[in-house]
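This report refers to the structure that appears directly beneath it.
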Amino acid sequence: MRALFLLLPLFLVGACSSIARENGDYFEAGSDIARFDTDAQTCAAEADDHVSYDLSAMDGTLYDRNRAYNIVYERCMRARGYRPRPYSRNWLPDA
């Protein structure tokens with residue numbers, strides 16, 4: 001029973017991350033912050049456009065639309081050469 005209480009927060013964090021929309025905080029910025037900000041805004045606009053104009057995404061639930069947004073955003077950021085931050089760095093404060 002104790003193990004269940006230890007694992008429960010991990011499941012909750014995993015569930016919350018599937019609902020939240022990704023942004024620049026989920027990726028390593030690199031040395032050129034201005035370029036990173038521009039790329040993050042461009043990818044966010046591209047993901048918004050995809051969710052707005054894709055009929056299958058419009059008919060989906062909030063979870064489905066956020067998932068579609070996150071997939072397009074992540075694909076766009078990876079195509080520009082950014083690496084995702086380690087999962088723990090997205091939820092734990094920087095030391």
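Miscellaneous remarks
- Listing of helices (runs of 4 or more DSSP H) fully contained in the chain that carry 1 or more residues being at pLDDT 90 or above: 33-53, 62-79
- Long-range neighbours under 6 Å by Cβ, at least six apart or interchain, first residue closer than 15 Å to residue 84 by Cα within the stretch 25-38, second among the β-branched types (Val, Ile, Thr): none
The values are calculated or read from the model by the stated rules, or taken from the named source; none is laboratory data. Computed from a predicted structure; not experimentally measured. A quick note on method: Cβ atoms are made from the backbone with ideal geometry, for glycine too, and the neighbour counts reach across all protein chains shown.
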